[in-house]
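Asker: The following block contains the structure, expressed as structure tokens.
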Amino acid sequence: MNQPARLNASVCVDAVLEDLSTIDAMQVVARCGYSAFEFWTWWDKDLEAIQKTRKELNLAVAAVCTKFVSLVDPSTRAEYLSGLEESIEAAKQLQCPTLISQVGDARPGVSREEQRDCMIEGLKQAAPKLEDAGVTLAIEPLNELIDHAGYYLVRSDEAFEIIEAVDSPNVKVTFDIYHQQISEGHVIANLTENIGSIAHFHAAGNPGRHELDRGELHYPSIFSAIAETNYSGYVGLEYWPVDDAEAGLQKASDWIKKV
């Protein structure tokens with residue numbers, strides 16, 4: 001008798017299968033043995049068609065993004081919260097548990113403390129909306145060395161401190177293993193010690209953000225470490241393939257099931 005998978009894997013179709021339509025990409029995800037997919041921007045997609053196909057293929061939507069509005073600038077707070085309300089409605093329509101939120105670029109000439117406090121206040125205002133809807137918001141640290149120069153939130157420890165200050169069960173962190181390998185390393189220790197504060201993972205090979213088996217990160221060990229915790233969310237494969245995308249997804253699916 002087959003044992004249930006210890007890890008819930010999701011495919012970010014806007015990255016791995018970016019050359020396909022969302023509907024065609026969902027077909028590939030299902031063929032490769034995944035039970036979930038995710039994408040970035042919901043506002044430029046046909047959500048009714050996605051929902052229909054999702055049900056036909058028995059797929060879950062693991063995560064989508066909020067609108068890209070700064071959390072570190074008080075002048076954009078109303079816009080952020082308005083976009084969040086729209087994103088919550090989209091998440092509810094898709095039965096999606098998690099909204100991923102970037103936080104915006106650092107503001108020149110403004111202290112990090114002031115920007116951090118601004119983010120905390122914005123997230124505190126967002127929290128009741130999320131709690132009422134049963135949706136989790138996951139702020140995402142990104143690396144500034146290679147991909148996101150000028151971005152405010154770089155390290156996971158600061159992200160965990162911020163959500164601790166917000167103090168809501170519906171405000172957590174997206175731990176992107178690729179980004180955090182570049183920004184801080186020690187990914188297994190950092191993620192396992194803070195697993196209760198993580199709502200979603202992203203994974204890609206480093207360097208290059210390609211397939212998981214390219215580069216210095218040993219994902220079988222990382223995924224096994226996650227599976228040994230009480231984490232029940234998704235690990236999203238968010239990379240740009242060098243080789244055939246479908247073959248790569250099938251290969252990854254085969255070993256993820258053995259984690």
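The values are calculated or read from the model by the stated rules, or taken from the named source; none is laboratory data. Computed from a predicted structure; not experimentally measured. Don't worry about glycine lacking a Cβ; one is built from the backbone with ideal geometry, like all the others, and counts go over all protein chains shown. Heads up: the accessible areas ignore ligands, DNA and RNA and are worked out on the full protein's heavy atoms, side chains in. Shrake-Rupley method; radii C 1.70, N 1.55, O 1.52, S 1.80 Å.
Asker: Have a look at H200, H148, H210 and tell me which one the Gaussian network model of the chain (Cα, springs below 10 Å) gives the largest fluctuation.
Answerer: Answer for the Gaussian network model of the chain: H148.
Asker: Only four residue types carry charge here, +1 at the Cβ of Lys and Arg and -1 at the Cβ of Asp and Glu. Report the dipole size of the stretch 142-182 about the Cα centre in Debye, rounded to the nearest 20.
Answerer: Here the stretch 142-182 has a charge dipole of around 100 debye.
Asker: Answer with one residue from Y152, V72, L94: the one whose Cα lies farthest towards the positive end of the charge dipole of the stretch 72-170, charges on Cβ with Lys, Arg +1 and Asp, Glu -1.
Answerer: The residue sitting farthest along the positive end of the dipole is L94.
Asker: How much length, in nm to one decimal, is gained on full extension between A247 and A49, taken as 0.36 nm per residue of separation minus their Cα-Cα distance?
Answerer: Length gained, A247 through A49: 68.7 nm.
Asker: Right, something else. Take the alpha carbon atoms of the stretch 1-77, find their center, do the same for the stretch 120-190, and report the distance between the two centers in whole angstrom.
Answerer: If you average the Cα positions of each part, the centres end up 20 Å apart.
Asker: What is the sum of charges, Lys and Arg at +1 and Asp and Glu at -1, for the other residues whose Cβ falls under 15 Å from the Cβ of I256?
Answerer: Spelling it out: positives minus negatives among the neighbours equals -1.
Asker: What value does the stretch 207-259 have for Rg/Rh, both radii from Cα atoms and Rh as Kirkwood defines it?
Answerer: A ratio of 0.96.
Asker: Do you know the Lys pair count in the chain for C-alpha distances under 24 Å, with sequence separation 8 or more or different chains?
Answerer: Value for the chain: 17.
Asker: Pick from P97, P220, P141: which is most flexible by mean-square fluctuation in a GNM of the chain where alpha carbon atoms under 10 Å apart are linked?
Answerer: Ranking P97, P220, P141 by mean-square fluctuation puts P220 first.
Asker: What accessible area per residue, rounded to a whole number of Å², is obtained for the chain using a probe radius of 1.4 Å?
Answerer: So the chain comes to 44 Å² accessible per residue, rounded to a whole number.
Asker: Separate question: When the dipole is taken about the Cα centre of the stretch 59-216, and only Lys, Arg (+1) and Asp, Glu (-1) are charged at their Cβ, what size is it in debye, to the nearest 20?
Answerer: That gives the stretch 59-216 a dipole magnitude of about 280 debye.
Asker: For every helix of n ≥ 4 consecutive DSSP H residues, a contribution of -39,500 (n - 2.57) applies; sum these over the chain, divide by its total residues, and give [θ] at 222 nm rounded to the nearest 500 deg cm²/dmol.
Answerer: Mean residue ellipticity at 222 nm (helix-derived): -13000 deg cm²/dmol.
Asker: Still on this structure, please answer the following. How high is the FRET efficiency from R31 to I188, r the C-beta distance, R0 22 Å, rounded to 0.05?
Answerer: 0.10
Asker: Related question: Just check the stretch 150-211 against the gyration tensor rule for me: Cα atoms, a ≥ b ≥ c as the square roots of the eigenvalues, rounded for a/c under 1.5, and otherwise prolate or oblate depending on whether a/b exceeds b/c.
Answerer: prolate
Asker: Further, regarding this structure: Probe radius 1.4 Å, ligands and nucleic acids ignored: give me the carbon and sulfur share of the accessible area of the chain as a rounded percent.
Answerer: Answer for the chain is 47 percent, counting heavy atoms of protein chains only.
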